[in-house]
Amino acid sequence: MRIFRQDPAAPEPEACALTIGNFDGIHRGHRALLKRVVEIARQRSLIAAAMTFEPHPREFFAPAHAPARIANLRDKLAGLQRAGIEQVYVEHFNRRLATLSAEDFVEQILIRTCRVGYLLIGDGFRCGAGRRGDIALLRRYAEAGQFELDQVQQVRDEHGRISSSRIRAALQAGDLAGAAVLLGHPYSISGRVQHGAKLGRQLGFPTLNLRIAHQHPAVQGIFAVRVHRLGEQAWPGVASVGLRPTVDDSGRWMLEAHLFDFSGSVYGRLVEVEFVQKLRDEARFDSLQELAGAIERDASRARAILAATPASSTAPALDPAVGVD
């Protein structure tokens with residue numbers, strides 16, 4: 001999969017069939033959209049492409065009120081790749097893009113940069129400064145022969161529209177099973193294992209440490225997990241996603257996973273943490289001894305839960321050779 005990031009030295013992309021969205025958590029509704037783009041691309045001899053934005057536009061306009069992030073960029077790209085997308089435009093959402101008129105967005109980015117031949121949008125599509133660009137604007141360009149335009153309706157289930165907002169709500173409520181139904185697969189986060197302060201090892205619970213790059217993760221707390229990509233089997237464990245209030249006041253979000261009956265150095269490895277069940281919210285403890293006792297209880301509960309929960313198969317993550325960190 002080719003990834004374009006506004007690099008003027010990048011090779012010119014091929015004409016494409018394109019869809020546009022934030023794609024935060026590639027869910028069943030997204031996959032219906034992406035499936036249609038892939039089908040049309042094959043029929044028209046075009047490249048199947050998607051455009052996404054980094055950061056989320058609401059993170060630019062109102063960082064304190066931005067929606068919780070379901071997926072990091074790597075996991076977003078992995079979902080697009082699994083859906084058959086061959087080319088992704090990652091548009092850096094900054095002041096230049098925020099103030100670009102709808103007409104300039106279409107002419108400069110969609111037509112000139114992306115070389116769009118077929119454009120597929122959802123029924124809530126807006127583009128350009130002030131969200132002034134809509135389906136009527138795109139139809140004028142399509143009628144002038146600039147590209148073929150198509151629109152799809154939202155995918156719904158018995159509870160309403162399948163959306164990233166519903167997935168966020170499920171994850172924040174600890175409803176991992178409900179989120180998995182909307183996503184079409186168990187919820188997971190990937191990342192490279194980093195060196196930490198080795199405090200977990202001192203407490204008797206060595207952890208794999210993964211950095212959470214954004215400030216609003218959709219999951220927070222302590223979880224029973226399975227960690228993939230450390231061999232043929234998925235390793236059971238217990239993990240925390242949070243700010244580590246007992247030992248750290250830096251405000252940095254971390255994902256720390258303690259694996260059961262595992263040994264070996266995996267620093268720098270790309271792993272995927274699958275969240276199976278939430279155990280509790282993150283808490284501050286008065287001493288390291290109390291923290292160690294809580295981890296021991298969490299680990300015991302997680303072992304029992306995982307022993308009673310069949311392991312699921314997960315799709316492979318994006319090839320680390322693409323260089324997304």
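Derivation of every value follows stated rules applied to the coordinates shown; laboratory data play no part. All figures in this text were calculated on a predicted structure; none of them were measured in a lab. Every residue, glycine as well, gets a Cβ built from its backbone with ideal geometry; the counts of neighbours run over all protein chains shown.
List of remarks:
- Mean sequence separation of contacting Cα pairs (under 8 Å, at least six apart), scaled by the length of the chain, corresponds to a relative contact order of 17 percent.
- Solvent-free Debye scattering, log10 I(q)/I(0), computed from the Cα coordinates of region 92-148 at q = 0.20 Å⁻¹: -0.71
- Option label - P(r) over Cα pairs in 20 Å bins from 0, in percent computed here, alternatives [x] 30, 53, 17, 1; [y] 27, 46, 25, 2; [z] 34, 61, 4: [x]
- Comparing A136, A257, A169 in a Gaussian network model of the chain (Cα springs below 10 Å), the most mobile by mean-square fluctuation is A136.
- For the chain, modelled as a GNM whose springs connect Cα atoms under 10 angstrom apart, the maximal fluctuation among A98, A17, A78 occurs at A98.
- The loop-placed trypsin sites (Lys or Arg not before Pro) in region 1-98, going by DSSP, that have at most 12 neighbouring Cβ atoms within 10 Å of their Cβ come out as R5.
- Percentage relative contact order, region 186-322, counting C-alpha pairs under 8 Å, at least six apart: 32 percent
- Under a Gaussian network description of the chain, with springs only between Cα atoms under 10 Å, the residue in N22, N72, N94 that fluctuates furthest is N94.
- GluC sites (Glu not before Pro), loop per DSSP, at most 12 other Cβ atoms within 10 Å - longest free stretch of the chain: 1-157
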